[in-house]
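Have a look at the structure below before the remarks.
The values are calculated or read from the model by the stated rules, or taken from the named source; none is laboratory data. Values in this document were obtained by computation on a predicted structure and should not be read as measured data. Cβ placement follows ideal geometry from the backbone for every residue including glycine, while neighbour counts extend to all protein chains displayed. Each accessible area value is taken on the protein alone, full model and side chains, heavy atoms only, with ligands, DNA and RNA left out. Shrake-Rupley method; radii C 1.70, N 1.55, O 1.52, S 1.80 Å.
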Amino acid sequence: MRLLSGMLIRRKNLSWQKEKSAIKMDKNQFFKRQTTLSEIGEVGQQKLQNASVLVLGCGGLGSPIAVYLAASGIGKIHLVDFDTVAISNLHRQVFYALEDVGKSKTEVLSAFIKKRAPFTEVTYTNKSITKENVFELLENIDIVVDGTDSLPTKYLLNDACVLKNKPLVYGSLYKFDGYVATFNVLQKDGSYSANLRDAFPEMATDIPNCEEVGTLNAIVGLIAIQQVNEVLKLVTGIGKPLLNKLLIYNSLENTQLKMTLLPSVSKTKITKIFENQTYMDVSCIVQREDLQISSAVLKEKITTKNIEVIAVLPNLELPFKVRQTIPIQEFDVEKLDIDFNKTYVMVCQRGLSSYKATKMLKKRYPALTVLSLTGGISNY
C-alpha cells in the first residue's frame, strides 16, 4: 500500500512538473491579460520582447522596477549595483528575504527574475557605475532606468545618456515625496526632450539621503511603478510619457503636480561638464584610516570611561548604549560640550553619515580624538 501510495505521489509530482513546464513555455497564456488590451496586442508585446533596458540600482526603486519590467515581457534587462542586502533594506526592498542578507543584490534579484519571468534574459554587473564604465554599460541598451539614491550618480547617468542619445527614465525620493520624469527622448523634429539639468541645472550638495532622513515603503513602491509605466509607454508607443515634465507626488496628501521643463541645457554644455566633473559619490570616497575605528577595536574599548559614542541617525538598533543621538542633519559642532580627554566615536547604519560627522568635528577641533565606526552598525 505504501509503495502504491508513493508511486501515485511521484506520478502526481511528475505530472505537476510537466504542467508547470508547459505553463512556463506558453507565452500566449503568460501575457494573455496584457495582450488582450487592444492598445498592446501581439504587436505591442513583441515590441516589449525586443526591448533592452538597463536598470541602475537594485534597491527600493530598482528591484521592483526590474521585476515588473521582466513580468511585463521586456526581452533583456541588465542590472547594475555594487551593494549587498542589509536588514535595513527589507522593509521597502520587498523582493529580498531574510536569508538574502549579506548577499549581492544583483545576484539575488537576477535569480528571482529568472524564476519569475521565463521570457526575459537577465544579466548583471556587480559593481558601481562610474565615469569610466558608464558608456560601456549604455552600449546596446534601448532605455536606461535610474533606480539609484545617489545625486552624483543621477547626474552621471543623465549626462551620459545625453551624450549617447539614450532615453532616461528618472525617479527619486525625498521623505514622502517622489519625482518621476522621462528625459532625453528623440522628438519628431530631430531634437531631444528635456533632461535632468533642465530641471535642476546644478547638483545640490546639502540634500540628505534616505539613510539620514528615512523613507516610507509605500512611496518607494509608488514611484517605482510610475517608472515602469514610463518604460512600457516608451517601448509600445502608447499613451503620453512624461516628456518635458517632472511629476512630483506627495504620498501624505495624495497630491501631484507636473512641472513643465524647457529644454535649454545643450549637449555641447553637457559635454564640457562631463569632461570636468568627477561625479564622485561620498559612498565611494576612500575614508581616512586615522579617522576610523573598527568594530573589533570598539568592542574592546566600548566599556572604557573615556569612550563617548554619539549616534548620528535616529532609531538605530544598537547593541550598546550611546550618550546622545544627534541626527546628521541637525549635527552642530558648536553646540557640543567637548571634553578633550575623551575619544568620540560617531556611529550610523553604514558608516557614511558618521564619517561626515567625524570630519565636521575634526575640522572644528583638530586636537580632538574623534573616530567613525567603519562600515557602521551593519558591520558591527
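Within region 245-268, which residues are without any contact (Cβ under 8 Å) to a residue 24 or more places away in the chain and not in a loop (DSSP other than H, G, I, E, B)?
Step one: list which residues in region 245-268 are without any contact (Cβ under 8 Å) to a residue 24 or more places away in the chain, which gives 253-258, 260, 266, 268.
Of everything in region 245-268, those that are without any contact (Cβ under 8 Å) to a residue 24 or more places away in the chain and not in a loop (DSSP other than H, G, I, E, B) turn out to be Thr255, Gln256, Leu257, Lys258, Thr260, Thr268.
Look at region 68-107 and say how many of its residues are over 26 Å from Gly351 (Cα atoms), among the hydrophobic types (A, V, I, L, M, F, W, C) and either assigned to a loop (DSSP other than H, G, I, E, B) or open to solvent by less than 10 Å² (accessible area, probe 1.4 Å) (or both).
Total satisfying the criteria: 4.
For region 148-160, does any single residue satisfy the condition of being aliphatic (A, V, I, L, M) and touching a Lys or Arg at 6+ places or on another chain (Cβ under 8 Å)?
Yes, that holds for at least one residue.
Step by step: first the residues of region 40-54, then only those that are in contact with a helix residue (DSSP H, G or I) (Cβ under 9 Å, 6 or more places away or on another chain) and part of a strand (DSSP E or B), then the one that is farthest from Gly75 (Cα to Cα). Which residue is that?
Selected residue: Leu54.
Can you pull out every residue in region 108-137 that is open to solvent by 90 Å² or more (accessible area, probe 1.4 Å) and either of a type outside the set (Phe, Trp, Tyr) or part of a helix (DSSP H, G or I) (or both)?
The answer is Lys114, Lys115, Arg116, Glu121, Lys127, Glu132, Glu136.
Just a yes or no: is a residue in region 334-350 aromatic (Phe, Trp, Tyr) and within 30 Å of Ala181 (Cβ to Cβ)?
No: zero hits.
Might you let me know whether region 274-291 holds any residue that is of a type in the set (A, V, I, L, M, F, W, C) and free of Cβ contacts under 8 Å to residues at least 24 places away in the same chain?
Yes; the residues of region 274-291 include at least one that is of a type in the set (A, V, I, L, M, F, W, C) and free of Cβ contacts under 8 Å to residues at least 24 places away in the same chain.
Restricted to region 285-329, and to residues that are open to solvent by 60 Å² or more (accessible area, probe 1.4 Å) and hydrophobic (A, V, I, L, M, F, W, C), which residue is nearest to the chain's Cα centre (by Cα)?
Ile285
Pick from region 245-265 the residues that are of a type in the set (Ser, Thr, Tyr) and touching a helix residue (DSSP H, G or I) at 6+ places or on another chain (Cβ under 9 Å): which of them is surrounded by the fewest Cβ atoms within 10 Å (Cβ to Cβ)? Outline the logic, then answer.
Going through region 245-265, the residues of a type in the set (Ser, Thr, Tyr) turn out to be 249, 251, 255, 260, 264.
Now restrict to residues that are touching a helix residue (DSSP H, G or I) at 6+ places or on another chain (Cβ under 9 Å): 249, 251, 264.
Details: Tyr249: 19, Ser251: 19, Ser264: 11.
Result: Ser264.
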